[in-house]
């Protein structure tokens with residue numbers, strides 16, 4: 001009985017886990033935009049003059065409940081609190097399937113490890129500061145807490161504050 005339970009659990013893990021992880025090891029390690037902070041986190045300033053903030057939910061074709069919730073909560077937060085910025089183009093939000101060939105340029109730029117929430121801040125000097133946000137994952141059990149956190153983070157990025165929260 002224990003052996004059967006273990007095998008079923010192992011099969012479940014092997015089926016569900018790959019849905020949330022990309023095959024980034026197979027992707028070429030080239031950067032499509034030289035003016036990014038990718039790979040050089042020592043040069044990220046605390047404050048910049050922001051032109052645009054890009055919020056991207058990277059996901060696979062079939063995502064787990066947490067991946068789907070992350071995207072839905074983020075989209076709701078952006079639509080609820082930043083509708084003016086969305087309309088003006090100062091903020092963009094999108095869901096991007098990292099498995100599709102037409103999205104590979106964006107995947108190579110942001111380098112999500114699989115399902116991820118990434119934020120790109122474009123400054124007035126032509127730089128793009130990319131961050132993968134981990135904090136949202138830890139707040140998925142409470143939508144209000146998640147939305148409060150994400151609102152604060154996006155407001156900081158819009159104001160040019162690149163510090164971590």
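Is one or more of the residues making up segment 144-152 out of contact with any strand residue (DSSP E or B) (no Cβ under 7 Å at 6 or more places or on another chain) and within 16 Å of residue 54 (Cβ to Cβ)?
Quick first cut of segment 144-152, residues out of contact with any strand residue (DSSP E or B) (no Cβ under 7 Å at 6 or more places or on another chain) only: 144-152.
From what's left, within 16 Å of residue 54 (Cβ to Cβ): 150.
Looking through segment 144-152, at least one residue is out of contact with any strand residue (DSSP E or B) (no Cβ under 7 Å at 6 or more places or on another chain) and within 16 Å of residue 54 (Cβ to Cβ).
Those helices (runs of 4 or more DSSP H) of segment 68-165 in which 3 or more residues are out of contact with any helix residue (DSSP H, G or I) (no Cβ under 8 Å at 6 or more places or on another chain) and in contact (Cβ under 8 Å) with a residue 60 or more places away in the chain occupy 104-110. Against the definition (modelled with pLDDT of 60 or more and either under 28 Å from residue 156 (Cβ atoms) or not in a helix (DSSP H, G or I) (or both)), how does residue 32 come out, yes or no? Answer is no for this residue.
The values are calculated or read from the model by the stated rules, or taken from the named source; none is laboratory data. This structure is a prediction, so every number in the text was calculated from the model and none was measured. So basically every Cβ, Gly included, is an ideal-geometry build from the backbone, and we count neighbours across all protein chains shown.
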